[in-house]
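The values are calculated or read from the model by the stated rules, or taken from the named source; none is laboratory data. Worth saying up front: this structure is predicted, and the values here are computed from it rather than measured. Glycine also receives a Cβ, built like all others from the backbone with ideal geometry; neighbour counts cover every protein chain displayed.
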Amino acid sequence: MKGNSERPWKISASEASVKTVNKIRQIVDKLDLNKVPKDKPFISKERRSKKKKKIGHYYFVTIGDPTKFPNLKPSPEVTKAVRAALESTQCNGYAPSFGVDEARIALAKQYSYPHVKVDKSDVFLGSGCSDAINMAFGALLDSGDNVLLPRPGFSFYETVCGRYDFECRFYNCLPDKGWNIDTKQLETLIDGRTKAILINNPSNPCGSILTRKNLEDVLQVAKKHRIPIIADEIYDGMVFGEIPFIKKRQAFVLQFSFFIYFFFWICNEKIKKLKGQRGIGPNSLIQAALPTILAETPKSFYKQLNDTLRTQANLFHELFEKIPELKPIKAHGAMYMMVGIETKKMHLKDDVEFANLLLREEGVLVLPGSIFGIPNYFRVVTCPPPDAIKEVAKRMDSFCKRHSSQRGNKAKL
């Protein structure tokens, strides 16, 4: 007994947990939020120390969460439907893991077409978009298989792949082509263990829309090699540029302007084995409200939302375009924009240093492009109201001038 009590504990992290990496956390955790300038106050976000002492303000233009901004509110119909479901007291318990029938029927009706009829049995609801990605990958891939992912792209795809030992292979989205897909390079990635091609359109992080021709080219490659497409269309309908949005209906994502209430559903006979892996379903309260939300939210709400996002995205682009060290790429959808950093014109080595110093000196927080697989870019969300965007651009210009090798004084690094 004595020997057992003195035996040292040896508890190590599992191999799967070590391989599960969140790139956003890897990089953002390196940003020192405690060194925000105190002389640049603004209403966007207040930063406090662990002792609740005010240590300054910073512009939170990193996370795609419209609830953080006063100018993007859910429609009254959504709020009313959720309140009614809550007050009914009939939606508080466990629901079927694939979703309640009423919600599945409503979704099947919403996304049926003359040439494609969707039945409720085709519809599976997940607990958030991340859960849906997890389901789709798990349904199609085994350990050692690979999936083709966009670069730049949403970093959570890699997080899921690491957890289950799926190989990520990245096809290039071309900034000089409006982030359209390099289909020739994509096809070179395919081998016998390629089980899916994921397309995210409209794009996070780019705010781009793929052209019809580009989509058709990708579909031809997929057809040639008999590879299914996972279509992550979380920003379906959130389109405001001159490029029309073409839907790819092998996978569906439902979105509203407030993303606490995410649903993801998959209508595809090829992946019905999802039934065997579901253990947790989505929020039962929101499922109960969903049929009313779909039926009663007016089209004018979505138009107004897109008009607001268009105004804000265009303003970001217009103001950033005037800064010589930046190269913004115009957004046409979703609520993001990628901005190139002309590092040769600056005394900075990369996008991570850019973001860190920008936060420290100007109180503006952006996400480095390295998170999304494309160094020397950064991503902003286009959710802030115009007055905040103007202030962000003003501080950005001041920062770039300070660190420019071609204008202003050389920065003290």
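Say whether the condition of being part of a loop (DSSP other than H, G, I, E, B) and surrounded by fewer than 21 Cβ atoms within 10 Å (Cβ to Cβ) is met by at least one residue in segment 130-140. Taking every residue of segment 130-140 in turn, none turns out to be part of a loop (DSSP other than H, G, I, E, B) and surrounded by fewer than 21 Cβ atoms within 10 Å (Cβ to Cβ). May I ask you to verify whether G340 is modelled with pLDDT of 95 or more, of a type outside the set (A, V, I, L, M) and assigned by TED's automatic domain parsing to the domain that holds Q26? Taking the combined requirement at face value, the residue satisfies it.
Restricting attention to segment 127-174, the residues being over 17 Å from I234 (Cα atoms) and not aliphatic (A, V, I, L, M) number 22.
Number of residues in segment 188-216 that are assigned to a helix (DSSP H, G or I) and either of a type in the set (K, R) or surrounded by fewer than 18 Cβ atoms within 10 Å (Cβ to Cβ) (or both): the value is 4.
Looking for something out of contact with any helix residue (DSSP H, G or I) (no Cβ under 9 Å at 6 or more places or on another chain) and farther than 20 Å from R379 by Cβ - is there at least one such residue anywhere in segment 145-159? Yes, the conditions are met somewhere in segment 145-159. Quick check on segment 380-393. Is at least one of its residues of a type in the set (D, E) and surrounded by fewer than 17 Cβ atoms within 10 Å (Cβ to Cβ)? For segment 380-393, residues of a type in the set (D, E) and surrounded by fewer than 17 Cβ atoms within 10 Å (Cβ to Cβ): present. Cβ separations smaller than 8 Å between residues 6+ apart or across chains give the following pairs from segment 76-91 residues that are within 12 Å of E296 (Cα to Cα) to residues that are of a type in the set (D, E, K, R): E77/E296; A81/E296. Within segment 287-311, track down each residue that is under 16 Å from Y235 (Cβ atoms) and among the aliphatic types (A, V, I, L, M). Hits for segment 287-311 are L305, L309. In segment 49-80, what residues are in a loop (DSSP other than H, G, I, E, B) and either among the β-branched types (V, I, T) or at pLDDT below 75 (or both)? Those that are in a loop (DSSP other than H, G, I, E, B) and either among the β-branched types (V, I, T) or at pLDDT below 75 (or both): S49, K50, K51, K52, K53, Y58, V61, T62, I63.
Yes or no: G333 surrounded by fewer than 24 Cβ atoms within 10 Å (Cβ to Cβ), within 15 Å of the chain's Cα centre (by Cα) and touching a residue at least 24 places away in the same chain (Cβ under 8 Å)? Judged against the criteria, G333 is not a match.
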